[in-house]
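Participant: Below you'll find the structure I mean.
Every number here is computed from the coordinates shown, using simple stated rules; none is lab data. Being a predicted model, the structure only gives us computed values, none of them experimental. Using ideal geometry, Cβ is built from the backbone for each residue, glycine included, and neighbour counts are taken over all protein chains shown.
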Amino acid sequence: MASTPADRSPDSTLALLREGYRFMGSRCDRYDSDVFQTRLLLRRTICLRGHAAATLFYDQDRFERADALPLRVQRTLTGRGGVQGLDGPAHRDRKAMLMSLMTPTAIRHLGQLFDDEWRARIPVWEGVGPVVLHRELGLMLTRAVCAWAGVPLAEGQVGRRTADLHSMIDSGAAVGPRHWRGLLARRRGERWAGDLVDRTRSGALPAPTGSALRVIADHRDARGRPLARRIAAVELLNVLRPTVAVDRFVVFAALALHDHPAWRERVRGDDEATELFVQEVRRYYPFFPAAAARVRRSFDWHGHHFPRGRRVLLELYGTNHPPALWPEPERFRPERFAGRPPDAFAPIPQGGGEHHTGHRCAGEWLTIELMKRAVTNLTSTMRYDVPPQNLAVSLRRMPALPPSGFVVTNVRRTA
């Protein structure tokens, strides 16, 4: 059996923080292998990349999620005890609860709420100077998803809640002040969400039937037990936080329209072209860097040994970029998806596998709907100028975003 290539460094955590999204891909290229070993946070870790590796990684007979994510990520980004860290029947039960929210009607409803927020903001943007799109998108998505989820949110609270959700998103792979802000935001967010759950259960807050707040507050597991207050709070935030994180994808869509202006005309009024464009934005730009699992029981695969309990990371960004899978992967080419609908393991910007029972993101269809609505608004309901600014997307920063947040000026409505 061939040995698995291994980093020489006793621990590669600093290298990961320094290199960001390039960390795993650069080593795969260096070792000419889609599998290598390293140590991260002093823990032995196997790193994977590619379509075949993704197919392996989402095999639930071979991998489990319990204790896979580093605790610092759970304490900021995902919360402890949420669906991401469950396995077996417990995971299937919790995932079914979340997927029950993802009906076509519900997805269109959130899209319409987002549309309404966007169109209400255009007259405001017309009367001011520079508009930072990322900041505005966060506020709009917070308002829209809270209304959709049955979460009451006074206008005076929107900025605070958006800032906390942004801090959770921004802190999972951070150290220092960014990480500390995420810890505080997570604590505030779980207190707030827990209070909402308590008030819903007591009848003091009449959350609408079928809303995320009502479904999570009323959920019973296979033994008929309600979710603990803190776990219910984590799952409610698992609806709100990833929806607000779509603002990054929308900024990337605006950047792609700016860098590839021919696509502005191609997507205007053309749903099929918009779908191709959105899928390529999701493939091309960096979103979450990796997914984590643990080996359930020892096995061998393609000459590599996976010992029981070993942490395994699947590189998401790198799996969306290898030339063997994506010809000219560093070129933005939405037409590559014409006649080639995405499959379960390519591309995987929000994870791979099956939605209803696997560990693929429950909100992926919401993401696509919101991005399509955003592209329509950027090309059909408004015009704007893009002044000189720093729009470089550094792959060293996780999660990535243009430093300027994408500034637009001279906003005006179209007919």
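Participant: Classify segment 316-379 as rounded, prolate or oblate, taking a ≥ b ≥ c as the square roots of the eigenvalues of its Cα gyration tensor: rounded when a/c is under 1.5, otherwise prolate if a/b is larger than b/c and oblate if not. List each step's numbers first, then the result.
Facilitator: Values: a/c = 2.01, a/b = 1.03, b/c = 1.94.
It is oblate, given that a/c is not under 1.5 and a/b is not larger than b/c.
Participant: Oh, and also: Kyte-Doolittle cut-off 0.5, length cut-off 20 Å along the helix's own axis using Cα: show which whole DSSP H helices in the chain pass.
Facilitator: In the chain, the long hydrophobic H runs are 133-149, 229-259.
Participant: On to the next question. Apply the a/c threshold of 1.5 to the C-alpha gyration tensor of segment 211-282 and tell me whether it is rounded, prolate or oblate.
Facilitator: Since a/c reaches 1.5 and a/b is larger than b/c, the shape of segment 211-282 is classed as prolate.
Participant: Please list the radius of gyration and Dmax for segment 1-138, considering alpha-carbon atoms only, with Å as the unit.
Facilitator: In Å, with Rg to one decimal and Dmax whole: 21.2, 67.
Participant: Next question, about the same structure. Roughly how many nanometres apart are two label points built 7 Å out from the Cα toward the Cβ at Gln157 and Asp195?
Facilitator: 0.7 nm
Participant: Hey, another quick one. Over the alpha carbons of segment 244-367, what is the largest minus smallest coordinate on each principal axis, giving the biggest first in Å?
Facilitator: Extents along the principal axes: 53, 31, 23 Å.
Participant: First check a/c for the chain, with a ≥ b ≥ c the square roots of the eigenvalues of its C-alpha gyration tensor; if it is under 1.5, answer rounded, and if not, answer prolate when a/b is larger than b/c or oblate otherwise.
Facilitator: Oblate, since a/c reaches 1.5 and b/c is not below a/b.
Participant: If you don't mind, there's one more thing I want to ask. Taking only C-alpha pairs under 8 Å that are 6+ residues apart, what is the relative contact order of the chain in percent?
Facilitator: Values: 709 pairs, mean separation 104.9, N = 415.
Over the chain, the number comes to 25 percent.
Participant: May I pose another question? For segment 69-186, build the charge dipole from Cβ charges (+1 Lys, Arg; -1 Asp, Glu) around the Cα centre, then report which of Val128, Ser100, Pro70 sits farthest towards its positive end.
Facilitator: Pro70
Participant: Here's something else I'd like to know. Tell me the label-point distance for the pair Arg188, Ala66, using the 7 Å Cα-to-Cβ offset, in nm and rounded to one decimal.
Facilitator: Inter-label distance under the simple model: 3.5 nm.
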